[in-house]
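A short reminder: the numbers here are calculations on the coordinates, not readings from a lab. Owing to the predicted nature of the structure, the values given are computational and were not obtained by experimental measurement. For neighbour counting, all protein chains shown are included, and Cβ atoms are generated from backbone atoms with ideal geometry for every residue, glycine included.
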Amino acid sequence: MKSPLAHKPAMATSAAPGPVASFLRFAITGGGVGVLSSFAVPLLAMTMPWAISNAIITVASTLLCTELHARLTFAKGRSARWQEHWQSAGSATAAYLATSIAIYVLHLTQPSPGTLTQQTVYLSASALAGTARFAILRLYVFTSRHSQTTRPLTQHETVPTPDPTAVRQPSCTSWPNGSRPHLAA
């Protein structure tokens with residue numbers, strides 16, 4: 001007879017990749033989609049204004065990257081949920097703002113910076129923003145949360161436990177003959 005404790009689940013789950021492997025996957029998938037986007041924007045801009053083309057490609061590439069990050073980068077083995085798409089879009093917006101502010105500050109300090117200087121500032125800000133975005137996605141958006149029905153105890157909280165040595169009192173308060181029976185010792 002098999003022990004019921006020896007039962008193994010029918011479906012094994014794969015372990016999530018470590019931080020270095022995740023970061024490399026993040027850089028490759030995000031960078032690959034970024035390169036494709038850089039070609040797609042001018043092609044689409046042939047048929048519409050550049051700002052609209054850029055907005056469309058930005059939304060599409062963010063959706064694509066979020067799917068790739070859920071499936072490949074963080075190995076969730078599933079499609080990204082809408083909440084993860086919104087959170088990822090928020091982190092992408094923050095990264096966009098960080099790079100825009102970096103270029104704005106550059107133009108405030110140097111009215112006519114050279115192309116090399118602009119690229120250096122932009123790529124440095126993009127690398128910092130991308131690293132921060134990776135941390136947000138790994139630690140917050142695509143983290144493995146275990147659903148808990150109760151919250152964990154803090155250091156100062158206690159849970160009352162029954163005293164196993166306590167004498168159990170009968171639940172009935174009245175006896176049929178009006179008196180409580182006494183047990184002989």
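Seen from every direction in turn and averaged, the convex hull around the alpha carbons of region 32-152 projects onto 10.0 nm². When peptides 109-118, 53-62, 37-46 are sorted by average Cβ neighbour count within 10 Å, with the highest value leading, the order is 53-62, 37-46, 109-118. With a simple spin-label model that places each label point 7 Å from the Cα along the Cα-to-Cβ direction, the separation between I103 and V20 comes to 3.4 nm.
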